[in-house]
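Before any comments, here is the structure.
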Amino acid sequence: MHVLSFDIDTILTGDRRSRFGACGLVLALLLFGGGAPVQAQDESATGDVSESDYYRLMSLPVPDGVTLEVGGMTRLPDGRLAVTTRRGEVWLIENPTLEGGEEPSYTRFAQGLHEPLGLAYKDGALIANQRGELTRMVDTNGDDVADRYENVTSWKLAGNYHEYSYGPEVLPNGDFFVTLNLAWLSSGRSLKPWSGWGLRVSPDGTVNPMVAGMRSPAGFGKNAKGDLFYSENQGDWIGSGRITHVEEGDFVGHPSSLKWADRPSSPVDLAPEDIPDSGAPMHEVAEQVPGLKLPAVWFPHGVMGISTSDILVDSTGGAFGPFSGQLFVGDQGRSKVMRVALETVKGEYQGAVFPFRSGFHSGVLQLAWGDDGSLFAGMTNRGWPSTGSEPYGIDRLVWTGRVPFEMKAVEARTDGFKITFTRPVDRETAADPSNYEISGFTYHYHSTYGSDVINRQGAPITRVKVAEDGRSVRIAADSLRRGYIHEIQLQNLASESGVPLLHDVGYYTLNRIPEGEPLTTGVRAQQEAETPSEEETSADEDAPSDATAEKTLPKHQTTQPEHWTDGPDRTITIGTKPGLQFNKTELQVEAGERVKLVFRNTDDLMHNLLIVQPGTVEPVAKTAMNMGVEGQERGYVPRSENVLYHTSLLEPETNEAIYFRAPEEPGEYPYVCTFPGHWRTMQGILRVGE
């Protein structure tokens, strides 16, 4: 038996390791230990609020010698956490909630697996999904070490690095649900039978294909009704992250998997050529292609994460706050957790995603509840760099007992939306239509990697009505569009006791518009929506007033300036390499030289290249990360004087040349990729000589 333990003073809190004395230990247990949360004191105080006021984050210590790159995680009936690692081990963590002040301990239950990404417990056994096999692990003698490994079923692999396998999720009938990623060869490819599919596996190993059209699923879970949802990551045919309700026979979007749909066991009756590569929005294509399932909720890329991961329903009965029955969804690249409130309209799931908690210490891949109602996040960032800089670990999120003032849910109405709050809103400010802003947008559905935000358009507010109890607001708006994501932005709102909104934005996916009575009473909006003129919308801040003047070359010049009649003084080519890195970390030019820089993106992710002022990488990158929907529209290039020159945001296997005059001041000018989550590792230095 391999058992490891450690001292309580190695607990991680906040953003760095802290050592506790006796008083610190008591404080740690009060904040993070078992039992019910401490109830809030008076919350009439105004001023800034932060996520940590309501949900406190800590990291479980990891013993020396354990590389806890979490691939799967589940809670056992006795309260222990079972964790798989990407290095092929399974660990049992005793007392992860620190109940009674006792130290957690680690026991290695199994080893030798092939990158298991998912873990479940059923009938006294742990079941892990290896790359090519669903494996049942049994401890027959009670020593907490698996001594029997059983092959439930297996599948063929082509050997491509991207053929990850996730699961299992235990279905209501006792079957297992697993997913097989597509391979990546400049595009998503289904190289072996059933890659790109969700499979239903019976306990005796019988495999039935269930859902087609997956690209790179990284999580799934059931809602409070027991319906199954899976999460998807941006890529080819996938404009942005999303979660989708899946049922037998669904096709969820990526056509590569349809090459196996003509097999007798396939429940999907489509072929790859049935899917048009027109770039039209997905909801428009779905009207032409019966069987194409729309996402329940889109996660706008770069705003609500960049790599959607595990899904976990709040089944804590209030122990985790006021969001019972809602879904929490992790994001690996942005090291955060979002919150989703679902509803069904005309038999179809739709709903809103809200920010919830950021600041996790590594990339969030797996979620699980502790037996005290705290939330555990299993994390990893090897090969998938994240904003959280730690390489791996487990974070624990604990509700403090204070109720944040939040949009609890958004529901569709025939002429707009109803917003419900976690606590009564100040009715005077809530009745002011100028405190609400709604705009709709969507994405291309095409074989190109990812998508820009397209068809963005405001939805002017026409009426507002606040409920008598202050718990909800009805908003009527013009120009709502079925199939579109609607950004709902609130301004200047506070609770009736003066507590400001913790998060002021949500994104509602409007698949169906319900029937019902329109809002006929309330405050009518007085102001007309301000829309930019055609001249304003077409203007580019980087565009020069005189394109031939050397001093006014734009920051993004993609054609050789006409007055460079004898060509550039220097041509530089730079590319990418695995692990989110440029293939050159130093470039050399002379002050004032005319430079042609060719950026080749040979990676399977989107990248840009910005040359910035010395010492400004971090502020530029963080500004890019917080640009909202505009981030995609501008290729994650901030409006900043610190940005000297930049490329476009390049899709995989594409390239672009930019032309610029090297700075006149010698020095070291950083270059960086500001796609969210990439900047920490994807940097280099442009050295400008005398």
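Any residue at all in the range 464-486 that is of a type in the set (Gly, Ala, Ser), assigned to a strand (DSSP E or B) and in contact with a helix residue (DSSP H, G or I) (Cβ under 9 Å, 6 or more places away or on another chain)?
Taking the range 464-486 and keeping what is of a type in the set (Gly, Ala, Ser), we get 467, 470, 472, 476-477, 479, 483.
Still in the running and assigned to a strand (DSSP E or B): 472, 476-477.
Filter once more, so that each one left must be in contact with a helix residue (DSSP H, G or I) (Cβ under 9 Å, 6 or more places away or on another chain): none.
No, that holds for no residue.
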Please determine, by comparing only the residues of the range 99-127 that are under 29 Å from the mean Cα position of the chain (by Cα) and on the phi > 0 side of the Ramachandran plot, which one is surrounded by the fewest Cβ atoms within 10 Å (Cβ to Cβ).
-> GLU115
In the set SER257, SER278, SER309, SER265, the lone residue that is farther than 25 Å from VAL345 by Cα, outside the structural domain of ILE488 (by TED's automatic domain parsing) and part of a strand (DSSP E or B) is SER309
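Against the definition (modelled with pLDDT of 95 or more, surrounded by fewer than 21 Cβ atoms within 10 Å (Cβ to Cβ), in contact with a strand residue (DSSP E or B) (Cβ under 8 Å, 6 or more places away or on another chain) and not polar (S, T, N, Q)), how does GLY378 come out, yes or no? Even if it seems obvious, please write down each step before you answer.
Values: modelled with pLDDT of 95 or more: yes; surrounded by fewer than 21 Cβ atoms within 10 Å (Cβ to Cβ): no; in contact with a strand residue (DSSP E or B) (Cβ under 8 Å, 6 or more places away or on another chain): yes; not polar (S, T, N, Q): yes.
For GLY378, the condition - modelled with pLDDT of 95 or more, surrounded by fewer than 21 Cβ atoms within 10 Å (Cβ to Cβ), in contact with a strand residue (DSSP E or B) (Cβ under 8 Å, 6 or more places away or on another chain) and not polar (S, T, N, Q) - is not met.
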Would you check if GLY363 is over 29 Å from ARG482 (Cα atoms) and under 13 Å from the mean Cα position of the chain (by Cα)?
-> yes
Quick one: count up the residues across the range 88-129 that are among the β-branched types (Val, Ile, Thr), more than 20 Å from PRO168 (Cβ to Cβ) and not in a loop (DSSP other than H, G, I, E, B).
-> 2
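Taking the criterion of being among the aliphatic types (A, V, I, L, M), more than 20 Å from MET304 (Cα to Cα) and surrounded by 20 or more Cβ atoms within 10 Å (Cβ to Cβ), would at least one residue in the range 611-621 satisfy it?
Kept after step one, since they are among the aliphatic types (A, V, I, L, M), are these residues of the range 611-621: 611-612, 617, 620-621.
From what's left, more than 20 Å from MET304 (Cα to Cα): 611-612, 617.
Checking the rest, the ones that are also surrounded by 20 or more Cβ atoms within 10 Å (Cβ to Cβ) come to 611-612.
Yes, the range 611-621 contains at least one residue that is among the aliphatic types (A, V, I, L, M), more than 20 Å from MET304 (Cα to Cα) and surrounded by 20 or more Cβ atoms within 10 Å (Cβ to Cβ).
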Yes or no: GLY188 touching a residue at least 12 places away in the same chain (Cβ under 8 Å), among the small types (Gly, Ala, Ser), under 17 Å from ASP310 (Cβ atoms) and surrounded by 14 or more Cβ atoms within 10 Å (Cβ to Cβ)?
-> no
Would you check if there is a residue in the range 165-184 being modelled with pLDDT of 95 or more, in contact with a Leu (Cβ under 8 Å, 6 or more places away or on another chain) and over 22 Å from ILE311 (Cβ atoms)?
-> yes
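Residue by residue, here is whether (1) touching a helix residue (DSSP H, G or I) at 6+ places or on another chain (Cβ under 8 Å); (2) among the β-branched types (Val, Ile, Thr); (3) modelled with pLDDT under 90 holds:
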position	(1), (2), (3)
LEU609	no, no, no
VAL637	yes, yes, no
GLU641	no, no, no
THR654	no, yes, no
GLU664	no, no, no
TYR669	no, no, no
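Every residue in the range 278-328 that is of a type in the set (Asp, Glu) and in contact with a Leu (Cβ under 9 Å, 6 or more places away or on another chain), please. I'd like the intermediate steps shown before the answer.
We begin by selecting, within the range 278-328, every residue of a type in the set (Asp, Glu); these are 284, 287, 310, 314.
Selection gives ASP310, ASP314.
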For residues in the range 437-470 being touching a strand residue (DSSP E or B) at 6+ places or on another chain (Cβ under 6 Å) and under 20 Å from PRO404 (Cα atoms), which is surrounded by the fewest Cβ atoms within 10 Å (Cβ to Cβ)?
-> GLY470
The range 277-311, subset of a type in the set (A, V, I, L, M) and surrounded by fewer than 21 Cβ atoms within 10 Å (Cβ to Cβ), residue nearest to TYR443 (Cα to Cα) = ALA280
Report, by residue number, each residue of the range 630-673 that is out of contact with any Ser or Thr (no Cβ under 8 Å at 6 or more places or on another chain) and β-branched (Val, Ile, Thr).
-> VAL643, THR647, THR654, VAL672
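Taking the criterion of being modelled with pLDDT of 50 or more, out of contact with any Phe, Trp or Tyr (no Cβ under 7 Å at 6 or more places or on another chain) and not aliphatic (A, V, I, L, M), would at least one residue in the range 537-546 satisfy it? Let's see the steps before the verdict.
First, pick out the residues of the range 537-546 that are modelled with pLDDT of 50 or more: none.
So far as the range 537-546 goes, no, none of its residues is modelled with pLDDT of 50 or more, out of contact with any Phe, Trp or Tyr (no Cβ under 7 Å at 6 or more places or on another chain) and not aliphatic (A, V, I, L, M).
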Looking at the range 652-666, is at least one residue crowded, with 21+ Cβ neighbours inside 10 Å and in contact with a Pro (Cβ under 8 Å, 6 or more places away or on another chain)?
-> no
Residue in the range 240-252 that is surrounded by the fewest Cβ atoms within 10 Å (Cβ to Cβ), counting only those that are under 13 Å from the mean Cα position of the chain (by Cα) and more than 21 Å from PRO172 (Cα to Cα) = SER240
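Would you call SER439 within 26 Å of LYS346 (Cβ to Cβ), touching a helix residue (DSSP H, G or I) at 6+ places or on another chain (Cβ under 9 Å) and small (Gly, Ala, Ser)?
On the way: within 26 Å of LYS346 (Cβ to Cβ): yes; touching a helix residue (DSSP H, G or I) at 6+ places or on another chain (Cβ under 9 Å): yes; small (Gly, Ala, Ser): yes.
Criteria met by SER439.
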For the range 128-148 the number of residues that are crowded, with 17+ Cβ neighbours inside 10 Å and among the polar types (S, T, N, Q) is 3
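This table checks each residue for (1) under 29 Å from GLU590 (Cβ atoms); (2) touching a residue at least 60 places away in the same chain (Cβ under 8 Å); (3) touching a Cys at 6+ places or on another chain (Cβ under 7 Å).
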{"position": "VAL617", "(1), (2), (3)": "yes, yes, no"}
{"position": "THR623", "(1), (2), (3)": "no, no, no"}
{"position": "GLU641", "(1), (2), (3)": "yes, no, no"}
{"position": "GLU656", "(1), (2), (3)": "yes, yes, no"}
{"position": "ILE685", "(1), (2), (3)": "yes, yes, no"}
If we take the range 359-408, then strands (runs of 3 or more DSSP E) inside it with 1 or more residues that are under 23 Å from GLY318 (Cα atoms) and of a type in the set (Asp, Glu) are 392-399
Have a look at LEU134, LEU191 and point out the one that is of a type in the set (A, V, I, L, M, F, W, C) and either part of a strand (DSSP E or B) or outside the structural domain of PHE229 (by TED's automatic domain parsing) (or both).
-> LEU134
Count - residues of the range 60-82 that are among the hydrophobic types (A, V, I, L, M, F, W, C), in contact (Cβ under 8 Å) with a residue 60 or more places away in the chain and more than 17 Å from GLY363 (Cα to Cα) | 2
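The values are calculated or read from the model by the stated rules, or taken from the named source; none is laboratory data. Since this is a predicted model, take the numbers as computed values, not measurements. In this analysis, Cβ positions are derived from the backbone assuming ideal geometry, glycine residues included, and neighbour counts consider all displayed protein chains.
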